[in-house]
Amino acid sequence: MGRRYDPDRRQRIVAAALRVVARDGIAGLSHRTAAAEADVPLGSTTYHFASLDELLVAALRQADETFGEAVRERSALAGPGGDLAAELAGVMGRWLAGERTRVELEYELYLAALRRPALRPVAAEWTEQVVAALARHTDPATARALVAAMDGICLQALLTDTPYDEGFAREVLARILR
């Protein structure tokens, strides 16, 4: 019996890996747990992802798309005379108000780059994409400072269980923009 053609299998494994990490954390992810969650043979996960880091890179790429897309879409609305600080504070508020598990998952994968060097280029790509989107409205150094501040504000809200304060975020971002 030949191999069954399954063009979506790789994507299903990545989606399954994201569900495992969301439920059990990165420590709970293995080729075996991803295969079980995706309902595919173990050999499929090792065929598509030779190492666990390769699977995590694919998962991080997929997870990081949501916030970056939101920033790119909203920052395009802040035309000349627009309030970029208010736009960005609003993006963060909507993102943090979304499904908490998804937000935590994105940050867990992003911060995993501290211990997993294979993830660092993906984390850096995400940062550079958001910086590039913001640099259309300000200079590159200010754009980088905005991204750093947004990361810090989001992390503090997530780690301290403090409600997100959009007014505070807007004020901090406006100070950077001055």
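Odds and ends about this structure:
- With the convex hull drawn around the C-alpha atoms of the chain, the volume per residue stands at 120 Å³.
- Chain lengthening between T162 and E125 when straightened (0.36 nm per residue, less Cα-Cα): 10.4 nm
- Rounded to the nearest 0.05, the FRET efficiency derived from the C-beta distance between S30 and A148 at R0 = 45 Å is 0.85.
- Protein accessible area in the chain, 1.4 Å probe - carbon and sulfur %: 54 percent
- Surface analysis of the chain yields an accessible area of 54 Å² per residue, using protein heavy atoms and a 1.4 Å probe.
- Mean Cα-pair separation over length for region 128-175, i.e. relative contact order, pairs under 8 Å, 6 or more apart, %: 26 percent
- For region 127-139, backbone phi angles converted through the Karplus equation (6.51, -1.76, 1.60; θ = phi - 60°) give residue-by-residue couplings of 4, 5, 5, 5, 4, 4, 5, 6, 5, 5, 10, 7, 7 Hz, Gly and Pro being listed as x.
- The chain - percent relative contact order, Cα under 8 Å, separation 6 or more: 21 percent
The values are calculated or read from the model by the stated rules, or taken from the named source; none is laboratory data. Since the structure is predicted, the reported quantities are computational estimates derived from the model, not experimental observations. No Cβ is skipped: glycine too gets one built from the backbone with ideal geometry, and neighbour counts run over all protein chains shown. Each accessible area value is taken on the protein alone, full model and side chains, heavy atoms only, with ligands, DNA and RNA left out. Shrake-Rupley method; radii C 1.70, N 1.55, O 1.52, S 1.80 Å.
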